[in-house]
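The values are calculated or read from the model by the stated rules, or taken from the named source; none is laboratory data. All values reported here derive from a predicted model rather than from experimental measurement. Glycine gets a Cβ as well: all are built from the backbone with ideal geometry, and neighbour counts include every protein chain shown. These accessible areas exclude ligands, DNA and RNA; they are computed on the full protein's heavy atoms, side chains included. Shrake-Rupley method; radii C 1.70, N 1.55, O 1.52, S 1.80 Å.
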Amino acid sequence: MEIKVQSIKFDADQKLLDFVDKKLAKLEKFYDEASLMEVNLSLLPDPENKNVKVRVIVPGAEDIIVERNSDTFENAITDCAGTLKDLLVQAKEKRFK
């Protein structure tokens, strides 16, 4: 699965990009037909100003989108990964019933 990361209003450092790859690459084993994962990292004006939006594109099925806000990108990515795991398992079970 290809992972595309886009940082909005800031430049993501390599450490953050490696963390995104490490956390989200594991999700491929839950639904191997998913072809692309788009990750948008952005800054918001409120106190929990780190926003992560992940869109998983599955050919022939509806896209799976998860969005989380947190005080750090790492926490938001971890939250997204946990939620995506559950949603990918549900989508795969639903599709192959």
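Structural remarks
- Residues in segment 48-72 that are open to solvent by less than 70 Å² (accessible area, probe 1.4 Å), touching a helix residue (DSSP H, G or I) at 6+ places or on another chain (Cβ under 8 Å) and either outside any strand (DSSP E or B) or among the acidic types (Asp, Glu) (or both): 58, 61.
- Residue that is surrounded by the fewest Cβ atoms within 10 Å (Cβ to Cβ), among those in segment 16-39 that are in contact (Cβ under 8 Å) with a residue 40 or more places away in the chain and in a helix (DSSP H, G or I): 26
- Residues that are aliphatic (A, V, I, L, M) and closer than 16 Å to residue 21 by Cα were ranked within segment 73-93; the one that is surrounded by the fewest Cβ atoms within 10 Å (Cβ to Cβ) is 81.
- Residue 9 vs. criteria open to solvent by 50 Å² or more (accessible area, probe 1.4 Å) and in contact with a Cys (Cβ under 9 Å, 6 or more places away or on another chain): no
- Just one of the listed residues (72, 83, 78) is under 20 Å from residue 8 (Cα atoms), touching a strand residue (DSSP E or B) at 6+ places or on another chain (Cβ under 9 Å) and free of Cβ contacts under 8 Å to residues at least 40 places away in the same chain, and it is 72.
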